[in-house]
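A quick write-up on the structure given underneath.
The values are calculated or read from the model by the stated rules, or taken from the named source; none is laboratory data. Note that the coordinates shown come from a computational prediction; the quantities given were computed from them, not determined experimentally. Here the Cβ positions follow ideal geometry from the backbone for every residue, glycine too, while neighbour counts run over all protein chains shown.
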Amino acid sequence: MPSLDTLLLFSLACLALTATPGPDMLLIVSRSVSQGRSAGLATLAGIQLGTYCHALATALGLSGLLLAAPAVYDAVRYAGAAYLLWLAGKTLFGKPASQTDSEPAPIPSRRIVLQGLLTNLLNPKMALFVLALFPQFVQAERGGVLVQMMTLASVLNLVGLAVNGVVILLADKMAKRLLRKKAGWPRYLLSGVFVALACRLAWAEGRS
């Protein structure tokens, strides 16, 4: 297990990273705005499960394939973009929750968790992020690499829960006051976010 000093330094790095708005936060906010804080928390849970998967893949050396094989990286990237576009279409053209069409139809929490997980797993940049950051905090003399990697993933997820938990509550509160009073806004917002993330992923320049 990493030393206390290492975990503290890593926690500060995680705080700086999670507090910076990015694709994950955008997805979490859009879910919270369109479907409430439960959906936002479910999305966060799926993303954090993905973090554990990426940490495991890095510990086992699987993430290195993305660096060694550009074709694999591109395949994952385009698969992720296609999946996001499919979610956008399903959100936009799916059955509305009510006759007013004010928000997407309710989705079971397990499905939202799965969507968050797949969105995270199909983002090769997340895999490369873990591959670049985590090994810097692994100490060979402190035990097995796998245990240390999963410990670091847990720290990142705990910090992410604290930061994104506040974001989810604020987004849900804002939605109750503003967006949910206007028919159509929530589902169009969520669908638009999926499209934006898909474009960002598909048009990303290589592995930079």
Checking the conditions here, which among THR6, THR20, THR58, THR51 is free of Cβ contacts under 8 Å to residues at least 40 places away in the same chain, of a type in the set (Ser, Thr, Tyr) and within 20 Å of ALA132 (Cβ to Cβ)?
THR20
In segment 141-194, what residues are out of contact with any helix residue (DSSP H, G or I) (no Cβ under 9 Å at 6 or more places or on another chain) and modelled with pLDDT under 80?
GLU141, GLY143, LYS176, ARG177, LYS181, LYS182, ALA183, GLY184
Taking segment 31-82 as the search range and keeping residues that are of a type in the set (A, V, I, L, M, F, W, C) and not in a helix (DSSP H, G or I), which one is modelled with the lowest pLDDT?
ALA69
Could you grab me the full set of residues in segment 15-26 that are in a helix (DSSP H, G or I) and either out of contact with any Ser or Thr (no Cβ under 9 Å at 6 or more places or on another chain) or over 16 Å from VAL166 (Cβ atoms) (or both)?
LEU15, ALA16, LEU17, THR18, PRO23, LEU26
Subset of segment 141-154 [β-branched (Val, Ile, Thr) and under 18 Å from ALA127 (Cβ atoms)]
VAL145
